[in-house]
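Undergrad: Got a structure for you, questions after.
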């Protein structure tokens, strides 16, 4: 059996200025948490 020579997968380069998925999660959850805190019954 012959295996092809091993080559590491090329690293994905982040495009210039593209926000990471973490930024999207924070942008969605932060206003929701603030709104929930503001609308809590006192």
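Undergrad: Being at pLDDT 80 or above and not in a helix (DSSP H, G or I) is the filter here, so list the residues in the stretch 11-40 that pass it.
TA: Residues of the stretch 11-40 at pLDDT 80 or above: 20-40.
Scanning the stretch 11-40 gives 20, 39, 40.
Undergrad: What do you reckon, is residue 7 surrounded by fewer than 10 Cβ atoms within 10 Å (Cβ to Cβ), part of a loop (DSSP other than H, G, I, E, B) and more than 25 Å from the chain's Cα centre (by Cα)? Break it down into steps so the answer makes sense when it comes.
TA: On the way: surrounded by fewer than 10 Cβ atoms within 10 Å (Cβ to Cβ): yes; part of a loop (DSSP other than H, G, I, E, B): yes; more than 25 Å from the chain's Cα centre (by Cα): yes.
Taking the combined requirement at face value, the residue satisfies it.
The values are calculated or read from the model by the stated rules, or taken from the named source; none is laboratory data. Keep in mind that what you see is a predicted model, and the values were worked out from it rather than measured. Here the Cβ is made from the backbone with ideal geometry for all residues, glycine too, and neighbour counts use every protein chain on show.
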